Each structure stands twice: as C-alpha cells, then as structure tokens.
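To start, the structure under review is shown below, and the notes come after it.
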Amino acid sequence: MDSEPWERISGAKLAGFGLGLAAFFALLAVSEPGFVFGLDHANLLFHEAGHPVVVLFSSRLETYGGTLGQLTFPVLLAISFWRQRQALSCAAAVIWFFENWLNIARYMADARALQLPLVGGGDHDWNTILTRWNILEYDLQIAGALKGIAWMGMGAAIIWVSWRYWDDRRHPPIEGDLSLGKF
Ligand SMILES: [Zn+2]
C-alpha cells in the first residue's frame with residue numbers, strides 16, 4: 001500500500017484546502033484559547049465517550065480515557081485517508097488531531113487552578129493524572145509543551161501538503177494514467 005501513489009492535488013483543491021485552513025485559523029484566533037466553537041464541542045463529546053469505553057478495559061485507566069477518546073477519531077480518520085492516498089483529507093485529519101492538543105493543554109493547564117467547568121461534574125482528569133505521577137506542579141509547563149507540539153504538528157501537516165502539491169507539479173501525470181482513470 002505504501003507504493004500506491006497519492007492522489008494528485010489540483011490547484012483548485014489546494015485553494016479549497018487553503019480557504020478551509022484560513023477559516024479554521026480565523027476561528028481559532030477568535031476562540032477562547034483551546035476551545036474552538038463546534039470543533040471542541042465535538043472533541044468534548046468524544047472525550048466524554050472515551051471514559052466509559054476505556055473503563056471497560058481497565059478502571060485504573062479511566063482517567064486517561066477522555067484524552068484517548070478525543071484523539072482516537074482524528075487518528076482513525078488520518079489512517080483511513082492515508083490508506084486511500086487522499087493527501088488533503090489526511091492533512092485535515094492530522095490538523096484536527098493536533099488542534100485537539102490545544103484543547104488538552106487548556107485542560108491540563110487547569111490542573112491546579114481547577115477553574116474549568118467540568119461536563120461530567122466529577123474528577124478533574126489532569127489533576128488526578130498529574131497528582132498520580134507526582135508532577136502536578138508542572139501542569140503549566142507541560143501544557144505549554146503540548147501547545148508547542150500542537151502548533152508544530154499543524155505546521156508539519158501544512159508543509160507536507162505544500163510539498164505534495166509541489167512534487168505533483170514536478171511530476172506531471174503520464175498520459176496513459178489519465179486515460180485509464182484512477183479507481
Ligand atoms: Zn475527562
């Protein structure tokens with residue numbers, strides 16, 4: 001499957017992706033840091049679904065289930081698009097994955113402050129986890145590192161798409177390929 005070529009990125013598709021990206025970053029800029037309207041509501045939903053799913057396997061890991069839950073969907077999507085060789089959709093899923101890290105960082109940074117309203121009303125995941133690991137005092141630093149990873153990950157996805165587009169221009173389609181179509 002690795003030898004399978006990526007679907008070519010047309011100029012029109014790249015423009016659409018760029019517009020979507022611009023809208024996404026505009027939304028990010030006007031949103032409360034770490035909580036993008038709509039997107040993070042979905043993330044929250046997957047987060048809350050993650051706890052009870054993980055508890056089926058291990059009650060000790062329940063606290064981690066929310067974070068795992070919110071990361072699972074974008075990962076599955078990214079893998080699926082990777083296998084289908086759809087670069088733009090794959091990049092969008094990767095950007096969603098790393099946007100999640102901003103949301104996770106927001107929650108982590110609250111581990112000592114305990115100011116965020118919790119949907120479940122129960123335990124604060126990161127207060128519990130960081131206390132368990134004895135690193136609660138580093139909540140802000142770790143959250144800062146997560147934010148850095150989030151931005152680097154989103155940046156890497158954008159660079160990768162740009163590179164794919166540029167690589168497509170260097171390798172024009174072979175005419176035989178076009179007439180055969182691609183399934
Ligand atoms: Zn949770």
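If the chain between residue 115 and residue 171 were fully stretched, how many nm would it gain, using 0.36 nm times the residue separation less the Cα-Cα distance?
14.8 nm
Would you calculate the separation in nanometres between label points at residue 61 and residue 19, each defined as 7 Å from the Cα along the Cα-to-beta-carbon direction?
Here the modelled spin labels are 4.3 nm apart.
Can you run phi through the Karplus equation (6.51, -1.76, 1.60; θ = phi - 60°) for the stretch 34-39 and list ³J(HN,Hα) in whole Hz, with x for Gly and Pro?
x, 9, 8, 4, x, 4
With θ set to phi - 60°, apply the Karplus curve 6.51 cos²θ - 1.76 cosθ + 1.60 along the stretch 105-115 and write out the HN-Hα couplings as whole Hz, x wherever there is a Gly or Pro.
Working through the residues one at a time gives 4, 4, 5, 5, 5, 9, 4, 8, 5, 6, 9 Hz.
Applying 1/(1 + (r/R0)^6) with R0 = 45 Å to the Cβ-Cβ distance of residue 10 and residue 149, what FRET efficiency is obtained, to the nearest 0.05?
With a Förster radius of 45 Å, E is 0.90.
Between residue 53 and residue 140, what is the label-to-label distance in nm when each label sits 7 Å out along the Cα-to-Cβ direction?
3.4 nm
In whole percent, what relative contact order does the stretch 11-167 give with Cα contacts below 8 Å and a gap of six or more residues?
21 percent.
Once you have a ≥ b ≥ c as the square roots of the Cα gyration tensor eigenvalues for the stretch 11-167, tell me rounded if a/c is under 1.5, and otherwise prolate or oblate according to whether a/b is larger than b/c.
In terms of gyration-tensor shape, prolate.
Counting only other residues whose beta carbon sits under 11 Å from that of residue 127, what net charge do I get with K and R as +1, D and E as -1?
Taking every Cβ under 11 Å from that of residue 127, the sum is -2.
Describe numerically, in nm with one decimal, the distance between label points set 7 Å from Cα along Cα→Cβ at residue 28 and at residue 131.
Each label point is offset 7 Å from its Cα along the Cβ direction, giving 3.3 nm.
So if each residue of separation counts as 0.36 nm, and I subtract the Cα-Cα distance between residue 158 and residue 37, what length gain in nm does that give?
That works out to 41.4 nm of additional length.
Bear in mind these aren't lab numbers, they're just calculated from the coordinates by the rules spelled out. All values reported here derive from a predicted model rather than from experimental measurement. Cβ sites come from the backbone with ideal geometry, for glycine too, and all protein chains shown count toward neighbours.
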